[in-house]
Structure formats: structure tokens, C-alpha cells
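Here the structure is laid out as C-alpha cells; the discussion comes afterwards.
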Amino acid sequence: MVSREGSRAQTVLARACLLIATGFHLGRIPRAPGTLGSLAALLMFLPFRSLPLTVHLVVVTLLVALGVFAAGRAEAALGAKDPPVVIIDEIVGCWAALVAIPPSFPPLLAAFALFRLFDISKPFPADRAERLPGGWGIMLDDLVAAMYANLSVRLFWG
């Protein structure tokens, strides 16, 4: 039997996970929530674009861990596989796509656009990663898309 305090703590945790997973409710906007989440990530990234690579890698690593946890909890709470309102994967994926990209607007916009293209098209192995259970499947396909976008831009802008 769960105590009232335990139940309240679970409710607070579930709400916090939903808040994080939906990008503070940005994912609840009915049109193009994934693109909005990616755009939010781009805008959040801009003031930090000149920070050292190690800082970006630590941030992405922490956000991936938080995203896996929150997205998995949100998926269970919403009762749907990879629900569209869950956009933490797009936020973290877009941020990862922007890491180590030349900090001017053309390559950053290219990384954003390519990330959306690869996230939507799900090239191998993103299509396989998407099938993983819970938060792992939600997050990892976007990280594969981020890797493809990042490498494409870095090859072009070398």
C-alpha cells in the first residue's frame, strides 16, 4: 500500500516528467510540435554557441539522461508510444546537432534543417533506435538524426 505522501510524491514526479517531456508544454501546441521544440532548442543554443565543446557535451549528456527518464515516464502516463506532445527528444536532438558547428547563422540553420529532415525521415539506424522501449526509443532516434545532421554540416563547412 502506498502512503498518501508517497502517492503525492509520485504525482509531483509524474507532473515534473510531463512538464520536461513536453518542453514546458510547448509540445501541446497542435501544429508541428517537433519543429517548435527544435526551434526552441536553436534559440536556447544561440547565446551558448561559443562555449567550449566539453561544456556542450556535458549538457547534452545530462539532457539525454533527463530526457530518457522524463520521456519514458510521460509515455507511460499518456498511454501512447512516443506521443507527439513529447518533444524533449527534439530539443535535445537539435542541441546535439548544433554542437561543434561553426557558430555563424548559415551552418547553424543548416544543422537545424538537416536535423528536422533526418528526424522525420529516420534513416538507418534511427528507424531501429525508435523501436527501443520507453524513453530510450523516444530519445535515441533523434540522437542518430542529430549525428547525421552534425556530421553533414561539419563535412560541408569543414
Query raised in the report: For helix 134-157, what angle does its Cα long axis make with the longest principal axis of the chain, in degrees from 0 to 90 and rounded to 10?
Result: 10
Requested in this report: Specify the inter-centroid distance of the stretch 35-82 and the stretch 103-144, based on alpha-carbon positions, in whole Å.
Outcome: 12
Report summary line: With DSSP loop assignment and no more than 11 other C-beta atoms within 10 Å, the trypsin sites (Lys or Arg not before Pro) in the stretch 30-88 are 31
Query - Residue of 22, 54, 35 that the Gaussian network model of the chain assigns the largest fluctuation, springs spanning Cα pairs under 10 Å - result: 54
Requested in this report: Note the angle between two axes, namely the Cα long axis of helix 88-98 and the longest principal axis of the Cα atoms of the chain, as a number of degrees from 0 to 90, rounded to the nearest 10.
Outcome: 20
Report task. Can you tell me the equivalent ellipsoid semi-axes for the chain? Use √(5λ) from the Cα gyration tensor, largest first, whole Å. Result -> 29, 16, 13
Query raised in the report: Per residue of the chain, what 222 nm ellipticity follows from adding -39500 (n - 2.57) for every DSSP H run with n ≥ 4, rounded to the nearest 500?
Result: -24000 deg cm²/dmol
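What does the highest-first list of 120-127, 84-91 look like by mean Cβ count within 10 Å? Walk me through the numbers on the way to the answer.
Working: 120-127: 12.9, 84-91: 26.4.
Those peptides, ordered most packed to least, come out 84-91, 120-127.
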Query raised in the report: Between residue 124 and residue 44, what is the label-to-label distance in nm when each label sits 7 Å out along the Cα-to-Cβ direction?
Result: 3.3
Query raised in the report: In a shell of Cβ-Cβ distance under 15 Å around residue 63, excluding residue 63 itself, what net charge do Lys and Arg (+1) and Asp and Glu (-1) give?
Result: -3
Query raised in the report: Whole-Hz Karplus ³J(HN,Hα) for the stretch 70-81, in order, using 6.51 cos²θ - 1.76 cosθ + 1.60 and θ = phi - 60°, x for Gly and Pro?
Result: 5, 5, x, 5, 5, 4, 5, 5, 8, x, 9, 6
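Here, each number is a calculation from the coordinates, and none is a lab measurement. Bear in mind the structure is a predicted one, so any value in this text is a computation, not a measurement. A quick note on method: Cβ atoms are made from the backbone with ideal geometry, for glycine too, and the neighbour counts reach across all protein chains shown.
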